[in-house]
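Every read-out reported here was derived from the displayed coordinates using simple, explicitly stated rules and does not represent laboratory data. This is a predicted model, so every value here is computed, not measured.
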Amino acid sequence: MIEYLVIINIISFLFYGLDKYLAIKKKFRISEISLYVVSIIGGCFMGIVGMKLFHHKTRKITFWIVNVISIIIWIYIIIEGR
């Protein structure tokens, strides 16, 4: 499970960085639903790091809610899985 979480969090981080880059360049963007999904399936930890580091989606409360709730759920899953 740890390997999966590492990979999905790297992907999540890259998604936030790429979407910010595409926003600056005014190009076709990664959909918000894709960012939500990658956070829900485990990328929430680096999703928040990406939000803060790239200053991206930080004003959208739904991104905070999805990531924080996902972190709580994933911490529970990790603890229960041991």
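One table, with the values for the structure above:
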{"read-out": "Structure-based [θ]222 nm, the chain - -39500 (n - 2.57) summed over DSSP H runs of at least 4, per residue, nearest 500", "value": "-24500 deg cm²/dmol"}
{"read-out": "Alpha-carbon centroid distance for the pair the range 29-82 / the range 13-28, whole angstrom", "value": "17 Å"}
{"read-out": "Lysine pairs with alpha-carbon atoms under 17 Å apart, the range 2-80, spacing 8 or more or separate chains", "value": "7"}
{"read-out": "Table column - 3J(HN,Hα) (Hz), the range 36-45, Karplus curve with 6.51, -1.76, 1.60, x for Gly and Pro", "value": "4, 4, 5, 6, 5, 7, x, x, 5, 5"}
{"read-out": "Linear extension gain, residue 30 paired with residue 58, 0.36 nm per residue minus alpha-carbon span", "value": "8.5 nm"}
{"read-out": "The chain: C-alpha pair distances exceeding 22 Å, %", "value": "21 percent"}
